[in-house]
Structure formats: C-alpha cells, structure tokens
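As structure tokens, the structure follows; a few thoughts come after it.
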Amino acid sequence: MSLVASLSRLHVVVIAVWLSLDSGRAADAAAPDAGGATKVEAKVALDAKASQGYRLFDNNCAHCHGDDARGDEGPDLHGLKKSDQRIDKIIKEGIKGEMPAFGKKFNDGDVQALIAYLRTLKE
C-alpha cells in the first residue's frame, strides 16, 4: 500500500473515531467489514458517489426536475419508490414523450452516481 493510501486510510479512521466518540461507537465505526472497509469509509465512498451524482444532476437534469429536484417540467424526485434497476432503465432509455434517454451520454458509473444522489432525497 502506498504512503498516500496509508495516510488517507488513517485519516478516515481518525475521523471515524472522532465522529463516533460522543455516541460511544468508535470501535464499531473503525472496525473493518468483510471487504476490509470501515463503516465510515463506506459512508465516505457513498457520499463521494452521491456528490458526483449531484453534479451530474445539476448539469443535466435540474433544468427539468428543478434545482432542488422538487419538480418543474419533470416530476419531483424526492422519496422515489422505484427500484434502482427501474431508475437505471429510465435514465438510460428515457420515457417516450416525457424524458430524453441518457444512455449514450452517461456510463454505468454515472448512472449509479445519479441513483446514489436520488436516494439522498428524502420526502
């Protein structure tokens, strides 16, 4: 493991411990899961993916769904009940006469990032 990667991992663990101190779950937050990542590292990765998704949304979707995703020409996207598979299909294929297809513009990672962002939108 490179020095930068080691320091980065240490940084995440230190933040995890610091954030968890007041809740008494420092050991749990810093304990690796089966894949070797801590819960905090997993959350940071999800947050990074959701942040990427927000940027994609802001540049490609907000003009129809609104800056806050509450809807404008397109529907409100808060509290979606559709499965990730269904959302993936809608983003890639569009909805005839309602939403353009983005399958040629976005790769699978982009679509997953958009879904991660949409899942942060609570009702």
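The values are calculated or read from the model by the stated rules, or taken from the named source; none is laboratory data. All values reported here derive from a predicted model rather than from experimental measurement. Don't worry about glycine lacking a Cβ; one is built from the backbone with ideal geometry, like all the others, and counts go over all protein chains shown.
If the requirement is being more than 15 Å from Asn59 (Cα to Cα) and hydrophobic (A, V, I, L, M, F, W, C), which of these qualifies: Ile91, Ile95?
Ile95
Inspect all residues belonging to segment 84-96 and state whether any of them is touching a His at 6+ places or on another chain (Cβ under 7 Å) and at pLDDT 95 or above.
Within segment 84-96, none of the residues are touching a His at 6+ places or on another chain (Cβ under 7 Å) and at pLDDT 95 or above.
If a residue must be surrounded by 13 or more Cβ atoms within 10 Å (Cβ to Cβ) and not aromatic (Phe, Trp, Tyr), how many such residues does segment 56-71 contain?
10
May I ask you to list pairs of residues, at least six apart or on different chains, whose Cβ atoms are under 8 Å apart, with the first in segment 48-70 being over 12 Å from Phe106 (Cβ atoms) and the second being of a type in the set (Lys, Arg) and surrounded by 14 or more Cβ atoms within 10 Å (Cβ to Cβ)?
Ala50/Arg119
Here is a check on your reading of the model: is Val111 surrounded by 15 or more Cβ atoms within 10 Å (Cβ to Cβ), modelled with pLDDT under 90 and not basic (Lys, Arg)?
For Val111, the condition - surrounded by 15 or more Cβ atoms within 10 Å (Cβ to Cβ), modelled with pLDDT under 90 and not basic (Lys, Arg) - is not met.
Does segment 72-88 hold any residues that are surrounded by 15 or more Cβ atoms within 10 Å (Cβ to Cβ), of a type in the set (D, E, K, R) and not in a loop (DSSP other than H, G, I, E, B), and which are they?
Asp88
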